[in-house]
1. Select from the stretch 401-417 the residues that are open to solvent by 10 Å² or more (accessible area, probe 1.4 Å) and within 19 Å of THR356 (Cβ to Cβ) and list them in ascending order.
2. Kindly provide the set of residues from the stretch 243-257 that are under 18 Å from ALA290 (Cα atoms), part of a loop (DSSP other than H, G, I, E, B) and either at pLDDT 95 or above or touching a strand residue (DSSP E or B) at 6+ places or on another chain (Cβ under 6 Å) (or both), ordered by number.
3. Can you pull out every residue in the stretch 338-348 that is under 18 Å from MET284 (Cα atoms) and surrounded by 21 or more Cβ atoms within 10 Å (Cβ to Cβ)?
4. What residue, of LEU196, LEU237, LEU212, is over 23 Å from ALA270 (Cα atoms), buried (at least 22 other Cβ atoms within 10 Å of the Cβ), aliphatic (A, V, I, L, M) and within 15 Å of the chain's Cα centre (by Cα)?
5. Out of THR204, THR154, THR147, I need the residue that is open to solvent by less than 40 Å² (accessible area, probe 1.4 Å) and of a type in the set (Val, Ile, Thr). Which one?
6. How many of the residues making up the stretch 272-292 are small (Gly, Ala, Ser) and either outside any helix (DSSP H, G or I) or open to solvent by 10 Å² or more (accessible area, probe 1.4 Å) (or both)?
7. Quick one: in the stretch 225-234, of everything that is farther than 13 Å from GLY293 by Cα and crowded, with 19+ Cβ neighbours inside 10 Å, which residue is nearest to the chain's Cα centre (by Cα)?
Amino acid sequence: MHQYPQQAQQPQQGEPPQYGDRPGRPYGEHHGRRPPPGGEPGEPHDPVRPAQPAQSIQPQSAERSRRTMWISAALALVLLLAGGGLAAWKQEWFSGSGDAVGSGKDRPPAAGDTASAAPGTPQVPAKPTGDPDVQLPAGPKAEFKQTAKLDDGTVIAKTRLAGPKSGFAGDVWVWTPKEYDDPKYAKSGFPVLIALPGGNGYPTNYWADRSLGLQKAISEGVQAGTSLPYIVIMPVLNPDSKYYYDGSDIPGQPRMGTWIAEDVPDFTRANFRTYKSRDGWAFMGSSSGAFVGMKTLLQYPEKFKAVIASGGEIVPDSPLWRGHQAEMDANNPEKLARKLIDTQGPEVYINFQVGTKETGKDRMLAFQQQYGKGPVKTTIRDIQNGEHNGWHYVRGMKEGSLEWISKVLKAPKPESG
């Protein structure tokens, strides 16, 4: 049983500058919002946008601001690498990168864990466990390549997923905690945290960059009793760098809603020990990824239970929705929350995070006041001196959001004896 003692949080040093928001669409065109400044971590350049109708073109001042912040972010990254590159090499951050691993870790298979077997190993029926909610992996087995190694020996690995339901093929990064390999958890399910990036969300997912500290924060939280040991799944969010697709099935476009809500969870169940019920499934995301996580939670409350949503995105605003108002409404968190309240649907839990140095809290407060009732449970966490970036959002998770979501979701259960 997890205990949740209060932890003092030390300030982080050398935190990089802010990052920006959704590319390739008029930010908040229908809602009078202005883009926050900055550039997303892990995204090296300002994406090239195709020509659009005059009404959808960003003001030149916003474009100049975005380019300026991209340059600032790039310079910060160069300085970060210059100052820490040697240390990273000594710590073997990249040791084994590109090597084949089993289900995100290079380890021998545990009894009954078919996903741990080497690629190409025939699948065998999973043995039942005492908890009927546990779902053991039954394949098809994905092939993983290591992309990063953490100090505790766990690794982040990548695979290519051809989504059978969406028809979209994209990269997915995965990380499993040390507890996943502990023999006493060999027949236990693990909660899943689907981590969604902001900005392009393509061709990479910046949560797979160990420098942001998401995986380390979870590991430290497990040791402190303030976090569950999550399987972290990190898919690409968009099919390209031209537009933002609102994590939705926009008519005539790649079916990114189906990719996030169905293909990615199905892939996770095929390769890892998870839970059948929604009690083991949640999202976390920043900026545009926060919007997608919250929207998907409200759209499928029977499949997912909670989200940590950082950065103040509330409504769909991709330019690709033009001419498809009904479909856009069906992907609007405000309308989805109202429907859930009216139908007295399953309880869902939304934890907003916002830095005190960024905009967006007014939108969170408005959503909470109007829709945070009945089955829609909402909280707002202020991150002191926090800006619109992933480093500060991870700090907020360490300061309380991981503890919050860990009290909502289902914990792994070790075998007795």
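The values are calculated or read from the model by the stated rules, or taken from the named source; none is laboratory data. What you are looking at is a predicted structure, and each value in this text was computed from that prediction instead of being measured. When we count neighbours, we look across all protein chains shown, and the Cβ atoms used for this are built from the backbone with ideal geometry, even at glycine. Surface accessibility is based on the protein's heavy atoms, side chains included, excluding ligands, DNA and RNA. Shrake-Rupley method; radii C 1.70, N 1.55, O 1.52, S 1.80 Å.
1. Correct list: TRP404 only.
2. TYR245, ASP246, GLY247, SER248, ASP249
3. Listed by number, the list holds a single entry, VAL348.
4. Going through LEU196, LEU237, LEU212 in turn, just one is over 23 Å from ALA270 (Cα atoms), buried (at least 22 other Cβ atoms within 10 Å of the Cβ), aliphatic (A, V, I, L, M) and within 15 Å of the chain's Cα centre (by Cα): LEU212.
5. Within the list THR204, THR154, THR147, the selection yields THR154.
6. Selection size over the stretch 272-292: 5.
7. VAL232
A quick yes/no check of all residues on (1) within 22 Å of VAL101 (Cα to Cα); (2) of a type in the set (Val, Ile, Thr):
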{"residue": "ASP209", "(1), (2)": "yes, no"}
{"residue": "GLY213", "(1), (2)": "yes, no"}
{"residue": "ILE231", "(1), (2)": "yes, yes"}
{"residue": "GLN253", "(1), (2)": "no, no"}
{"residue": "GLU262", "(1), (2)": "no, no"}
